[in-house]
Amino acid sequence: MNPYKQPLSVKILIAILIPIFKLLFRYEIIGKENLPKSGGIVYASNHIAFSDPILWILSIRSRIRYMAKAELFDHAFLRGVFKLAGVFPVQRGKASVNSVNLAIDIVKNGGILGIFPEGTRSKDGKPARAKSGVAYIANATGADVVPMAIVTKGKVKPFRKVKLYVGKPIPHSEIHFEGTDRKGLRNASERIMGEITKLWEEGQNEL
């Protein structure tokens, strides 16, 4: 199976969910022309609600692989949905070696890794400081990073409009650092989150 393409079962599920989510969240995507035409890429977005990965998957329709906290996989229904969607578990508060290696393999094999650099949902809706995972994975894979932002007034709620912004990819050459260079890792993380924040701020001005 092409790691960039959704399997037929997921395409059918997406077709069912789109009108429901369109009605509930009135979402629209801006900057879709900035999306790469193939995989081997990292998509990085701010994180404000549980529905964030669903909205991105419905909007983009390519197969985006997300991490989710391991506790969610304790529920049989969610575990089945996550497996179908290609979501994989990670221990809350830390990135296990297996999860990070799987994330790296996804990108190296031509897939799309979706990641929320903040590591958790924002309590006030504003972008927060990025953890190092996104920069580490991008550096290890040689991938470009596509900055994204989810923007709404306050929190994501039913019948409140949501805008999804896609920025121009950040070339790997602009966030690359050597080996275990901690300063380089921090700078790369800040650069990625900085681009996400710019999109979020521009979106706030257009609400």
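What trypsin sites (Lys or Arg not before Pro) does segment 25-87 have in DSSP loop regions with at most 14 other beta carbons within 10 Å? It would help to have the intermediate numbers written out before the result.
Working: sites: 26, 32, 37, 61, 63, 65, 69, 79, 83; in loops: 26, 37, 61, 63.
For trypsin sites (Lys or Arg not before Pro) across segment 25-87 that sit outside H, G, I, E and B with at most 14 neighbouring Cβ atoms in 10 Å, the list reads 26, 37.
Could you line up 146, 10 from fewest to most neighbouring Cβ atoms inside 10 Å? Mind dumping the intermediate values first?
Working: 146 25, 10 17.
Ordered from fewest to most neighbouring Cβ atoms within 10 Å, 146, 10 come out as 10, 146.
Multiply the residue gap between residue 206 and residue 16 by 0.36 nm, knock off their C-alpha separation, and tell me the result in nm, one decimal place.
Numbers: separation 190, 0.36 × 190 = 68.40 nm, distance 2.96 nm.
Between residue 206 and residue 16, full extension yields an extra 65.4 nm.
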- Task: Mind checking which aspartates and glutamates have their Cα closer than 13 Å to the Cα of residue 168? Skip sequence neighbours fewer than 8 apart in that chain.
- Result: 33, 144, 195
- Query: Can you sort 206, 28, 118 so the residue with the fewest Cβ neighbours within 10 Å comes first?
  - Reply: 206, 28, 118
- Determine, at each q value in 0.17 (inverse angstroms), the log₁₀ of I(q)/I(0) that the Debye formula gives when each Cα of segment 8-206 is one equal point scatterer. -1.20
- Report the relative contact order of segment 141-207, percent, no decimals, based on alpha-carbon pairs under 8 angstrom and at least 6 residues apart. 39
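Under unit Cβ charges (Lys, Arg +1; Asp, Glu -1), what dipole magnitude, rounded to 20 debye, does the chain have relative to its Cα centre? Display every interim value, and only then the final one.
Details: 32 positive and 17 negative charges, 125 e Å.
Here the chain has a charge dipole of around 600 debye.
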- What is the gain in length, in nm to one decimal, between residue 174 and residue 102 on full extension, counting 0.36 nm per residue of separation less the C-alpha to C-alpha distance? 23.5 nm
- Item | the chain, helix-only ellipticity at 222 nm - DSSP H runs n ≥ 4, -39,500 (n - 2.57), divided by all residues, nearest 500 | -13000 deg cm²/dmol
- Task: Could you pull out every whole DSSP H run in the chain that spans at least 20 Å of Cα extent along its own axis and averages -1.0 or higher on the Kyte-Doolittle scale?
- Result: 8-25
- Answer rounded, prolate or oblate for segment 108-205, using the Cα gyration tensor with square roots of eigenvalues a ≥ b ≥ c: rounded when a/c is under 1.5, else prolate when a/b is larger than b/c, else oblate. prolate
- Cα centroid of segment 118-189 to Cα centroid of segment 26-59, whole Å: 12
- Message: Please compare each pair in 5/153; 11/123; 32/123; 5/37; 126/198 to a cut-off of 22 Å on the Cα-Cα distance and tell me which ones are over it.
- Response: 5/153; 11/123; 32/123
- Using the number of other C-beta atoms within 10 angstrom as an exposure proxy, rank 193, 148 with the fewest first. 193, 148
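Any read-out appearing in this document is the output of simple, stated calculations on the displayed coordinates, not a laboratory observation. The structure presented is a predicted model; accordingly, all values stated were derived computationally and were not measured. A quick note on method: Cβ atoms are made from the backbone with ideal geometry, for glycine too, and the neighbour counts reach across all protein chains shown.
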